[in-house]
Amino acid sequence: MKDNLDHIALLIDADNTQLSKLEGVIQEISKHGRIVVKRAYANWKKDNLKNWESELNRLAIKPEQQFDYVTGKNATDIALTIGAMDLLHKGIYDGFVIVSSDSDYTPLAIYLHESGVYVIGVGENKTPEAFKNSCDEFVLLENIDKSQIKVQTKDTDTSDDNDRKRKESDETQPINPIDEIHKLLRLAWETYQDDDGYAFISNAGFYIKRVKSDFDVRSFGFERLTKLIENFPEKYETKASATKSIKVYKCKTK
């Protein structure tokens with residue numbers, strides 16, 4: 001996994017991905033570096049996409065409108081491809097992420113790869129091998145944290161009680177802010193740990209800031225992230241690194 005990308009463009013095909021996974025995708029890609037561009041492409045007039053607006057706003061993802069010119073066909077893949085080419089020619093992005101399970105993006109991924117940028121695909125397991133293999137790395141949506149917050153939707157009238165119960169079970173209340181930080185600390189530890197199972201606390205801090213721009217450890221009553229971690233000995237082990245000047249931590253069993 002490449003983890004030193006400075007300028008990442010995240011391009012989402014909203015017709016071919018899961019709304020409930022968006023935040024998890026951002027957390028996953030942030031392990032590689034700084035996401036500079038976040039765009040989602042779709043014909044936003046479609047009824048099945050009406051629940052995306054609040055989540056796009058919350059995650060600061062720019063919606064790109066693309067009308068379907070022919071009934072039964074969508075032009076989202078063309079719009080996303082044009083957007084990717086425009087960004088590529090600016091010459092400032094070293095990583096491109098294509099979120100889709102559609103094999104139509106295979107030529108785009110190959111072209112981006114041949115242009116020297118790092119290409120990451122994100123999609124479901126059913127994604128054709130051609131698209132998977134055209135990327136430097138492919139992340140399965142099924143492997144992205146299943147406990148992600150799901151977007152609440154308005155309940156609709158239905159005579160099917162089982163369907164109603166399923167929808168109600170999918171609606172999750174926002175998690176406690178400190179629990180979110182614990183979750184991000186574990187994700188950072190899983191990504192950056194060394195052979196002894198320890199990760200630099202400083203790396204964890206950089207990662208959390210990428211994912212959650214408003215993160216300030218003082219909001220939780222601590223001057224430094226190290227102090228926050230040390231305040232939860234039931235969750236973390238800490239020790240001085242080999243240089244003695246920087247502390248490292250290890251997550252305990254869940």
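The values are calculated or read from the model by the stated rules, or taken from the named source; none is laboratory data. Keep in mind that this is a model prediction, so the values were computed, not measured. Because the Cβ atoms are built from the backbone with ideal geometry, glycine has one as well, and the counts that use them run over all protein chains shown.
Kindly indicate which of L22, L87 is outside any strand (DSSP E or B) and under 15 Å from the mean Cα position of the chain (by Cα).
From the options L22, L87, the qualifying one is L22.
I'd like the full set of residues that are surrounded by 16 or more Cβ atoms within 10 Å (Cβ to Cβ) and in contact with a Cys (Cβ under 8 Å, 6 or more places away or on another chain), limited to region 83-125.
Those that are surrounded by 16 or more Cβ atoms within 10 Å (Cβ to Cβ) and in contact with a Cys (Cβ under 8 Å, 6 or more places away or on another chain): I98, A109, V119, I120, G121.
Would region 176-184 turn up any residue that is part of a loop (DSSP other than H, G, I, E, B) and modelled with pLDDT under 95?
Within region 176-184, one or more residues are part of a loop (DSSP other than H, G, I, E, B) and modelled with pLDDT under 95.
The rows are residues; the columns are (1) modelled with pLDDT of 90 or more; (2) surrounded by fewer than 14 Cβ atoms within 10 Å (Cβ to Cβ); (3) more than 20 Å from the chain's Cα centre (by Cα); (4) of a type in the set (S, T, N, Q).
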| site | (1), (2), (3), (4) |
| --- | --- |
| K132 | yes, no, no, no |
| N143 | no, yes, no, yes |
| Q148 | no, no, no, yes |
| Q152 | no, no, no, yes |
| D157 | no, yes, yes, no |
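Determine, yes or no, whether L185 is closer than 18 Å to K31 by Cα and surrounded by 19 or more Cβ atoms within 10 Å (Cβ to Cβ).
yes
Does V117 meet the test of being assigned by TED's automatic domain parsing to the domain that holds E28, closer than 20 Å to G24 by Cβ and not polar (S, T, N, Q)?
Taking the combined requirement at face value, the residue does not satisfy it.
How many residues does region 234-254 hold that are in contact with a Lys or Arg (Cβ under 9 Å, 6 or more places away or on another chain) and in a loop (DSSP other than H, G, I, E, B)?
Within region 234-254, residues that are in contact with a Lys or Arg (Cβ under 9 Å, 6 or more places away or on another chain) and in a loop (DSSP other than H, G, I, E, B) number 5.
So which residues in region 191-222 are touching a helix residue (DSSP H, G or I) at 6+ places or on another chain (Cβ under 7 Å), farther than 22 Å from L22 by Cβ and in a loop (DSSP other than H, G, I, E, B), if there are any at all?
The one that is touching a helix residue (DSSP H, G or I) at 6+ places or on another chain (Cβ under 7 Å), farther than 22 Å from L22 by Cβ and in a loop (DSSP other than H, G, I, E, B): F222.
Listed here are the residues, each with its yes/no results for (1) modelled with pLDDT of 90 or more; (2) among the β-branched types (V, I, T); (3) surrounded by 12 or more Cβ atoms within 10 Å (Cβ to Cβ).
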site: W189; (1), (2), (3): yes, no, yes
site: Y198; (1), (2), (3): yes, no, yes
site: I201; (1), (2), (3): yes, yes, yes
site: A204; (1), (2), (3): yes, no, yes
site: V211; (1), (2), (3): no, yes, yes
site: F215; (1), (2), (3): no, no, yes
site: R218; (1), (2), (3): no, no, no
site: R224; (1), (2), (3): yes, no, yes
site: I229; (1), (2), (3): yes, yes, yes
